[in-house]
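Right, one structure below, let's go through it.
The values are calculated or read from the model by the stated rules, or taken from the named source; none is laboratory data. All of these numbers come straight from a predicted model, not from anything done at the bench. Here the Cβ is made from the backbone with ideal geometry for all residues, glycine too, and neighbour counts use every protein chain on show.
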Amino acid sequence: EKGGFDHFMLKEIFEQPRSIADCLRGRLKADEGYLKLGGIREYANRLENADRIIIVACGTSWHAGMVAEYLFEEFCRIPVEVEYASEFRYRNPVIKEGDVVIAISQSGETADTMAAIELAKSKGAIIFGVCNVVGSSISRITHEGAYTHAGPEIGVASTKAFTAQLTVLAMMALQVAFKRGTLPLTQYNQMLIELETIPSKVEKALQLNDQVKYISELFKDARNFLYLGRGYNFPVALEGALKLKEISYIHAEGYPAAEMKHGPIALIDEEMPVVFIATRDKSYEKIVSNIQEVRARKGRVIAIVTEGDTVIPEMAEFVIEVPATHEALMPLVSVIPLQLLSYHIAVMRGCNVDQPRNLAKSVTVE
Ligand code: M6R
């Protein structure tokens, strides 16, 4: 059942080239300029004409929502708010008739996310679901939606469901951008082509497994970890930190790299591993200076970089090279080594990776 892997988590990490391809299947044909999410039909124009989008989710799904915020704002020019479902439901949020809500949930059973949906629905919002489990409660209470089609995810730590969520959300944003005319056609077509290459790039990123395992051995006894990223890689930093804490029980925090100066920098000394997600994008120069700041305080830098980077290898203790892609799709690739890092560290520490203590696969009580 684990297909020759020691744990479901590892199997699911390695399934990602296929699960992402499954998610794209029938929905994207880049050479024909074709993109369509079949589940979004009747209410498609509500999404396209939304004045704002509210995303509700928890945990890893909330991280996918953070990436979606950047996607929808950049490509569709629609303001987005990403909310923890638990906070949203209890704070008397402002929801107007016709507001659009996207609820993201792997299991489709998360209690807080369901309650947030019910609340928004009662105020007249249109709800789109992004769920993995077909026929789950959330997929039934939403108006429309798109399944992630990642297949059953058994490991408590979400991996392939996360990348499938990112894939669906990217398709959703591109579909809306096309209809709204907010993305020039050449760029739109370029994005479709790029999206189609993601499974093979993820496949390539998985070849880093041995290198990541080697690095894991050196850091497995660390007591803390910091994860830093900017732009589209900021949510990836959050996700990397969550993966590490939930399965290895090492304290880890994710931050937007620039926020480091506003507090976390005080933690940096020669014992602090800092994982930078520093692939080539608009904020590259900025993150390079953040790496230098950490080095100046003797922090131990592990950097995820784009293949062929010649600058960061000069300053980081370890660099992990991932294939280049458009920055908006980079989380799909840059998260892979972070999933592997948390996995190997957890195994080396003797933790139960598939069923970490105190956690359940779906949180059906608030
Ligand atoms: O099933 P959901 O996507 O609604 O679950 C949300 C969170 O409980 C979930 O992502 C959790 O944070 C995972 N254990 C993360 O790996």
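I'd like to check something: does the stretch 273-290 contain any residue that is small (G, A, S), out of contact with any Cys (no Cβ under 9 Å at 6 or more places or on another chain) and either in a helix (DSSP H, G or I) or farther than 25 Å from L71 by Cβ (or both)? Yes, that holds for at least one residue.
Restricting attention to the stretch 193-207 and to residues that are surrounded by 19 or more Cβ atoms within 10 Å (Cβ to Cβ) and touching a Leu at 6+ places or on another chain (Cβ under 7 Å), the residue that is farthest from I247 (Cα to Cα) turns out to be L195. In a residue-by-residue description of the stretch 107-114, the property of being assigned to a strand (DSSP E or B) and within 13 Å of the ligand (Cβ to nearest atom) applies to no position. The residues listed here are A237, A252, A241, A222; of these, the one that is of a type outside the set (V, I, T), free of Cβ contacts under 8 Å to residues at least 60 places away in the same chain, under 20 Å from P264 (Cα atoms) and surrounded by fewer than 21 Cβ atoms within 10 Å (Cβ to Cβ) is A222. For the stretch 122-164, the candidate set comprises residues that are closer than 26 Å to K96 by Cα and part of a helix (DSSP H, G or I); within that set, the residue that is nearest to the ligand (Cβ to nearest atom) is I138.
Looking only at the stretch 328-344, decide whether some residue is at pLDDT 95 or above, under 19 Å from the mean Cα position of the chain (by Cα), part of a loop (DSSP other than H, G, I, E, B) and not hydroxyl-bearing (S, T, Y). Yes, the stretch 328-344 has at least one match. Taken over the stretch 152-173, residues that are more than 30 Å from P184 (Cβ to Cβ) and not β-branched (V, I, T) amount to 7.
Hey, among the residues in the stretch 165-187 that are away from the ligand (no atom under 14 Å from the Cβ) and either within 30 Å of Y249 (Cα to Cα) or without any contact (Cβ under 8 Å) to a residue 60 or more places away in the chain (or both), which one's surrounded by the most Cβ atoms within 10 Å (Cβ to Cβ)?
Our first condition is that a residue be away from the ligand (no atom under 14 Å from the Cβ); within the stretch 165-187, this holds for 167, 170-187.
Retained after the next criterion (residues that are either within 30 Å of Y249 (Cα to Cα) or without any contact (Cβ under 8 Å) to a residue 60 or more places away in the chain (or both)): 167, 181, 184-187.
Working: T167: 29, G181: 10, P184: 10, L185: 10, T186: 8, Q187: 13.
Among those that are away from the ligand (no atom under 14 Å from the Cβ) and either within 30 Å of Y249 (Cα to Cα) or without any contact (Cβ under 8 Å) to a residue 60 or more places away in the chain (or both), it is T167.
Per the listing E153, E118, the residue uniquely of a type in the set (D, E, K, R) and touching a residue at least 60 places away in the same chain (Cβ under 8 Å) is E153. Restricting attention to the stretch 228-274, which residues are within 16 Å of the ligand (Cβ to nearest atom) and within 14 Å of the chain's Cα centre (by Cα)? Across the stretch 228-274, the qualifying residues are P235, V236, A237, L238, E239, G240, A241, L242, K243, G254. Somewhere in the stretch 338-356, is a residue surrounded by fewer than 18 Cβ atoms within 10 Å (Cβ to Cβ), at positive phi and within 15 Å of the ligand (Cβ to nearest atom)? Checked the stretch 338-356: no residue is surrounded by fewer than 18 Cβ atoms within 10 Å (Cβ to Cβ), at positive phi and within 15 Å of the ligand (Cβ to nearest atom).
If you go through the stretch 275-314 and keep only what is buried (at least 23 other Cβ atoms within 10 Å of the Cβ) and within 19 Å of the chain's Cα centre (by Cα), you end up with V275, F276, I277, A278, T279, A303, I304, V305.
Which members of the stretch 255-273 meet the condition of being farther than 29 Å from N358 by Cα, surrounded by fewer than 18 Cβ atoms within 10 Å (Cβ to Cβ) and in contact (Cβ under 8 Å) with a residue 40 or more places away in the chain? None; the set is empty.
Go through the stretch 69-94 and give me each residue that's away from the ligand (no atom under 16 Å from the Cβ) and among the basic types (K, R).
Across the stretch 69-94, the qualifying residues are R77, R91.
Note on the stretch 49-68: residues that are buried (at least 22 other Cβ atoms within 10 Å of the Cβ) and more than 13 Å from the ligand (Cβ to nearest atom) amount to 5.
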